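A short write-up of the structure that comes next.
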Amino acid sequence: MSGWADKQLGRFFVGHSEGSFKELRQHVVNLLCELTGGSCVYTGRDMKSAHKGLRITESDWKIADDLFVGALKKHKIGLQEQTEFMQIIRDMKGQIIELPRNGALIPALPRTLD
């Protein structure tokens, strides 16, 4: 089952056209390909900007995490590769989650200038 077919995660995709689904899917593919050392180039927004205002919760994150793990297992990806891939995904969590399970807003971290 994909995220857009999941009852809880489906709310993030309501009102999207078939074309926008395809564009979103391609952004995800390009991002993951680039992050895992592939030759793809991700041209989308940073994770914080792309997910801002979606009010993504810890519960949403857990469902998405489980869907990723399920897809890796379904396609018989090796355990070491699964572990490495999921670490890349999980490293983005802080840029994506806005709400803990109870729905209270997580305060924004102060920005620093490098």
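No lab work stands behind these numbers, since they all come straight from the coordinates. Model, not experiment: these values are computed from the prediction. Note that each Cβ is placed from the backbone with ideal geometry, even for glycine, and that neighbours are counted across all protein chains shown.
Laid out as a table, the results:
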read-out	value
Scan of the range 61-103 for residues that are of a type in the set (A, V, I, L, M), in contact with a Lys or Arg (Cβ under 9 Å, 6 or more places away or on another chain) and without any contact (Cβ under 8 Å) to a residue 24 or more places away in the chain, ordered by number	none
Residue satisfying all of: in the range 27-45; assigned to a helix (DSSP H, G or I) and under 13 Å from the mean Cα position of the chain (by Cα); surrounded by the most Cβ atoms within 10 Å (Cβ to Cβ) among these	Leu31
